[in-house]
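In what follows, a structure is listed as structure tokens, so that the remarks can point back to it.
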């Protein structure tokens with residue numbers, strides 16, 4: 001019985017170590033992607049004020065999820081002032097890139113999608129960092145549990 005408990009303790013420690021390694025890896029990769037997204041947005045230097053965001057400073061650029069969300073929502077409002085929907089814009093016709101209204105709508109839609117993808121990317125990165133941290137804590141808990149079980153099995157042998 002003691003051998004089985006000791007083996008079970010070792011197995012739990014192994015799972016704990018695997019969880020710890022995977023958790024650190026997931027969190028590090030997610031953090032790396034978040035830094036990459038922040039840098040990419042900073043390089044674009046899209047000022048919030050240029051998009052018509054009220055209360056934004058002239059030098060305040062989009063470089064995080066919150067700013068991207070505000071900017072995307074603002075662009076969406078502006079796009080809807082051109083036409084409430086794409087169908088309304090087309091009015092049964094086809095897209096005409098020489099029509100400035102169609103072109104402006106398409107550009108607004110493109111920018112809006114870029115910004116919402118940034119919001120999504122930041123959210124996924126934060127979720128992955130949280131999951132990685134949870135896996136690290138689970139790995140530590142499994143490791144402590146396995147070591148404790150291994151030691152208890154050894155003490156039972158001497159009784």
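Do the conditions hold for residue 123, that is, is it at negative phi and under 26 Å from the mean Cα position of the chain (by Cα)? Spelling it out, residue 123 is indeed at negative phi and under 26 Å from the mean Cα position of the chain (by Cα). The residues on offer are 56, 50, and the sole one that is more than 30 Å from residue 27 (Cβ to Cβ) and part of a loop (DSSP other than H, G, I, E, B) is 56.
For the range 22-44, residues that are within 18 Å of residue 117 (Cβ to Cβ) and touching a residue at least 12 places away in the same chain (Cβ under 8 Å) total 8. Scanning for something modelled with pLDDT of 90 or more, part of a helix (DSSP H, G or I) and either under 25 Å from the mean Cα position of the chain (by Cα) or closer than 18 Å to residue 124 by Cβ (or both), does the range 80-101 turn up at least one residue? Scanning the range 80-101 turns up no residue that is modelled with pLDDT of 90 or more, part of a helix (DSSP H, G or I) and either under 25 Å from the mean Cα position of the chain (by Cα) or closer than 18 Å to residue 124 by Cβ (or both).
Yes or no, residue by residue, for (1) touching a residue at least 12 places away in the same chain (Cβ under 8 Å); (2) under 20 Å from residue 47 (Cα atoms); (3) touching a strand residue (DSSP E or B) at 6+ places or on another chain (Cβ under 7 Å); (4) surrounded by 13 or more Cβ atoms within 10 Å (Cβ to Cβ):
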{"residue": "61", "(1), (2), (3), (4)": "yes, yes, yes, yes"}
{"residue": "69", "(1), (2), (3), (4)": "yes, yes, no, yes"}
{"residue": "76", "(1), (2), (3), (4)": "yes, yes, no, yes"}
{"residue": "96", "(1), (2), (3), (4)": "no, no, no, no"}
{"residue": "100", "(1), (2), (3), (4)": "no, no, no, no"}
{"residue": "112", "(1), (2), (3), (4)": "yes, yes, no, yes"}
{"residue": "125", "(1), (2), (3), (4)": "yes, no, no, yes"}
{"residue": "141", "(1), (2), (3), (4)": "yes, no, no, yes"}
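The values are calculated or read from the model by the stated rules, or taken from the named source; none is laboratory data. Every value quoted in this text rests on a predicted model; they were computed, and no experiment measured them. Positions of Cβ are backbone-derived with ideal geometry, glycine not excepted, and every protein chain shown enters the neighbour counts.
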